[in-house]
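> My questions will all concern the structure given below.
The values are calculated or read from the model by the stated rules, or taken from the named source; none is laboratory data. Here the structure is a predicted model, which is why all the values come from computation and not from measurement. Neighbour counts run over all protein chains shown; Cβ positions are idealised from the backbone, glycine included.
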């Protein structure tokens, strides 16, 4: 093991194994002060996880780090607190139609990001979909994912969860994005009935049509892309373009949580990182020192000074910190990727500065 791998591994402390083989571990990142999941997978999967690391999607776990150690690929990713679809159905029975549709649309968003990179998940199952604390569906476990290749006629490995894997995953043909669509059809049926397709398809016509279209034996007869299946699912909500935008705004407002607002604790103290807390503490100390060092002739001067300091120092710390995720509190901004979030934050910051300096006498 080289020194870089040793250093990276030293960043993570084991809390407890999450499987018998101890290849999936609940760990603690001492550098960034956060709980995470550490996974050891085949080195061949490193190129896939390297590409997945660049995806920003609420329906996929954020990947913090990918590196090689002792001939294996090591992944550090965000720990998603919640219960799997399997657990929830075992505990409470099948989902309502509305709830199933919402979770399915979450996974569609995840697969759109993944498929855009020519990556196929190949193991979409109730155990690999977690419903997090905000009641959003998150797709996990890319350990048997593969890159789509047109120069192969069949997969070399027979992998996937029985009952949810497409027929081509058993050696009949090469898997592609339509293999994940097959699994999505079975998942939808499972959410609505509590059992897989071969044990019976949900009877309501709208859903039955979607399920049957997704689970065709011949891949050419399935939905051609995950976008096609997503459009079919959205029809349940009676989506027109205008109504779809309005519904999304309402959904964003409902899903905004205090973790999105990131108002508490103070900016700089949200992550618990020693370096960031030290920088924030310094900024607050400078404010206190400047307050006592300046002589203010009136309460108005004091208020103006504090307003300007907050606008110039504290507000940008909050706005641009945490990869500018704070803009997700604004309806319609929730699913912006990082570059767009940063640009939106910059526009908001400039607008605030203009407003402050136009109202506060200098």
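> Take the residues of segment 275-301 that are surrounded by 14 or more Cβ atoms within 10 Å (Cβ to Cβ) and touching a helix residue (DSSP H, G or I) at 6+ places or on another chain (Cβ under 9 Å): which is farthest from residue 350 (Cα to Cα)?
My answer is 276.
> Tell me which residues, restricted to segment 83-118, are out of contact with any helix residue (DSSP H, G or I) (no Cβ under 6 Å at 6 or more places or on another chain) and either under 19 Å from residue 197 (Cβ atoms) or outside any helix (DSSP H, G or I) (or both).
Across segment 83-118, the qualifying residues are 83, 89, 90, 93, 96, 97, 103, 107, 116, 118.
> Take residues that are outside the structural domain of residue 28 (by TED's automatic domain parsing) and at pLDDT below 75 and tell me which of the helices (runs of 4 or more DSSP H) falling wholly in segment 264-345 contain 3 or more. Lay out the reasoning, then the answer.
Details: elements: 274-293, 299-309, 315-324.
So the answer is 274-293, 315-324.
> Within segment 184-223, count every residue that is assigned to a helix (DSSP H, G or I) and without any contact (Cβ under 8 Å) to a residue 60 or more places away in the chain.
18
> Quick one: residue 92 ticks every box in (1) modelled with pLDDT under 95; (2) crowded, with 16+ Cβ neighbours inside 10 Å bar one, so which box is it?
Result: residue 92 fails condition (2) only.
> Kindly indicate whether any position in segment 62-75 is closer than 27 Å to residue 133 by Cβ, at pLDDT 90 or above and part of a loop (DSSP other than H, G, I, E, B).
Step one: list which residues in segment 62-75 are closer than 27 Å to residue 133 by Cβ, which gives 62-66, 74-75.
From the residues that got through so far, the ones that are at pLDDT 90 or above too are 62-66, 74-75.
Remaining after also requiring part of a loop (DSSP other than H, G, I, E, B): 62.
Among the residues of segment 62-75, at least one is closer than 27 Å to residue 133 by Cβ, at pLDDT 90 or above and part of a loop (DSSP other than H, G, I, E, B), which makes the answer yes.
> If a residue has to be surrounded by 14 or more Cβ atoms within 10 Å (Cβ to Cβ) and either more than 21 Å from residue 126 (Cα to Cα) or outside the structural domain of residue 165 (by TED's automatic domain parsing) (or both) to count, how many in segment 207-221 make the cut?
Total meeting the criteria: 1.
> Kindly list the number of the only condition in (1) touching a helix residue (DSSP H, G or I) at 6+ places or on another chain (Cβ under 9 Å); (2) in a helix (DSSP H, G or I) that fails for residue 231.
Tallying (1) touching a helix residue (DSSP H, G or I) at 6+ places or on another chain (Cβ under 9 Å); (2) in a helix (DSSP H, G or I), residue 231 fails exactly one: (1).
> Would you be able to tell me the number of residues in segment 18-42 that are exposed (fewer than 14 other Cβ atoms within 10 Å of the Cβ) and either touching a residue at least 12 places away in the same chain (Cβ under 8 Å) or at negative phi (or both)? Break it down into steps so the answer makes sense when it comes.
Looking only at segment 18-42, we keep the residues that are exposed (fewer than 14 other Cβ atoms within 10 Å of the Cβ), and these are 19-22, 30, 35, 42.
From what's left, either touching a residue at least 12 places away in the same chain (Cβ under 8 Å) or at negative phi (or both): 19-21, 30, 35, 42.
Selection size over segment 18-42: 6.
> So which residues in segment 5-21 are at pLDDT below 90, closer than 18 Å to residue 70 by Cα and out of contact with any strand residue (DSSP E or B) (no Cβ under 7 Å at 6 or more places or on another chain), if there are any at all?
6, 7, 21
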